[in-house]
Amino acid sequence: MANRKVVTREAVDEAIQALKAQGRSVSATAIQGLIGGTRATINAVLSDINEENRCRAVPQPQAGAPAIIDPSDEKPAELPAVVLAQADALMVSLADTLTATIRQERERARQERDAEREVHRAALDSERSAGEARAKALQGEIDALLALRAEMRDQLAEAGAEQEALQEALEAKDAERREMEVALDRAHALRDELTASLDVERNRVNEMKMDLLRAQADAAELRGRFEQRAADLEQVTAEARACLTRAVLAEANAIRLADELNEMRAAAKERPARDPAPKSRKGGAGKVRPPAPTAAKERDVDAVDAVMAAEDSHPPLPFGSAGGPVGSA
């Protein structure tokens with residue numbers, strides 16, 4: 001809606017002066033084109049202006065004033081005084097009537113202008129309120145669009161970062177794939193080498209099996225020999241144990257005899273010189289032998305036990321006992 005100026009007397013006068021300065025005819029349409037407003041209001045203001053100009057142009061005659069007749073005018077002769085008085089009274093009444101009418105028209109035009117001004121003010125206020133509301137709504141939309149743009153910018157930045165991360169991940173995956181291909185080639189080569197080595201080891205195992213079979217045959221033969229030797233060794237061991245037992249018993253007897261001799265010597269030394277030695281019987285039948293001491297007998301038993309323990313502590317034969325299989329404990 002176009003902005004309109006409030007139609008006032010001063011605005012209409014300025015528009016009339018502007019039109020006259022431009023050499024244009026004064027009309028309500030031309031004035032409306034300059035100052036806006038409604039044509040009815042402009043016509044009312046123009047009527048007021050024309051009436052005022054008409055009233056200024058016609059002088060009001062005074063009551064009872066003599067009529068001045070210009071001889072140069074070709075007019076009829078002077079009227080009677082009564083007619084002139086009635087004419088004057090009629091003119092005064094007409095002027096009063098016209099003045100009252102003009103005043104009423106002015107008041108009506110003023111009221112119309114005030115009403116139109118109020119309507120225009122209400123319309124302007126409504127338009128201003130609507131414009132402010134629209135501006136607020138547009139500002140809200142602009143703020144929302146700015147927030148959306150910022151959010152979209154953040155999302156674009158995040159998408160760019162994610163794209164860069166994905167690109168780096170793809171490059172890492174590509175490098176890992178190349179490394180896996182190299183490792184796979186190495187694994188294939190290693191598999192071929194291992195296959196060749198396995199074939200070699202399989203041949204070697206077969207040879208070892210053959211050697212093992214031969215070794216088992218040799219071991220069976222050796223087992224027979226060692227079993228025979230073990231039997232012989234067992235017999236020799238039994239004989240050696242018997243000899244050792246006899247030797248131990250002989251050694252024990254010798255020790256016992258030595259102890260008895262030592263005891264006899266000690267008893268001889270302790271005997272006083274005055275005590276004559278006992279006479280021996282003829283043929284040695286009367287010789288008295290002291291009983292064997294208990295300590296000597298215990299030493300003999302201990303020596304035999306020690307010999308038997310030493311024999312038992314010997315390590316077993318490498319091929320088992322005489323009656324067992326080769327290699328058994």
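We did not get these values from a lab; they are worked out from the coordinates using the rules stated. Predicted model only: the values in this text are computed from it and were never measured. Glycine gets a Cβ as well: all are built from the backbone with ideal geometry, and neighbour counts include every protein chain shown.
Summary of values
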| item | result |
| --- | --- |
| Ordering of 212-220, 243-251 by packing [mean C-beta count within 10 Å, highest first] | 243-251, 212-220 |
| Peptides ranked, highest mean first, by Cβ atoms within 10 Å: ranges 119-129, 40-50 | 40-50, 119-129 |
